[in-house]
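Right, one structure below, let's go through it.
Just so it is clear, none of the values below were taken in a lab; they were calculated from the coordinates. Model, not experiment: these values are computed from the prediction. All Cβ positions, glycine included, derive from the backbone under ideal geometry; neighbour counts span all protein chains shown.
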Amino acid sequence: MLTKCVTIINRRGLHARAAARFAKLAEKFDAEFNVEATGLKVSALSIMGLMLLAAGPGVNVVITAEGPEAERGLSALADLVENRFDEE
């Protein structure tokens, strides 16, 4: 299992549109991804679960990945967060 910690840096945090982009990207890889923050752990494919994390600006989230494309997917998901979900 691979793990990466990233900090939410966009202005609105992990809101609906950002969660949808994150989940859509996670779907593209042959791997299972989970996201953990604020004491909760959810599937990266669940938009509602991602929003439930209430991860606002400055919150650290831990993404875990397991599967054949785990490394590529983890890198892509971390890049999405680090690029402010392509919103700003």
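If one takes the longest principal axis of the Cα atoms in the chain, at what angle in degrees, from 0 to 90 and to the nearest 10, does the Cα axis of helix 16-27 lie? Around 10 degrees separate the two axes. The label point for SER43 and the one for ASP86, both projected 7 Å from the Cα toward the Cβ, are 2.4 nm apart.
Projected onto its three principal axes, the C-alpha set of the chain covers 33, 26, 20 Å, listed from the longest axis down. Each peptide among 70-76, 30-36, 5-11 gets the average number of other Cβ atoms lying within 10 Å of its residues, and from highest to lowest they stand as 30-36, 70-76, 5-11.
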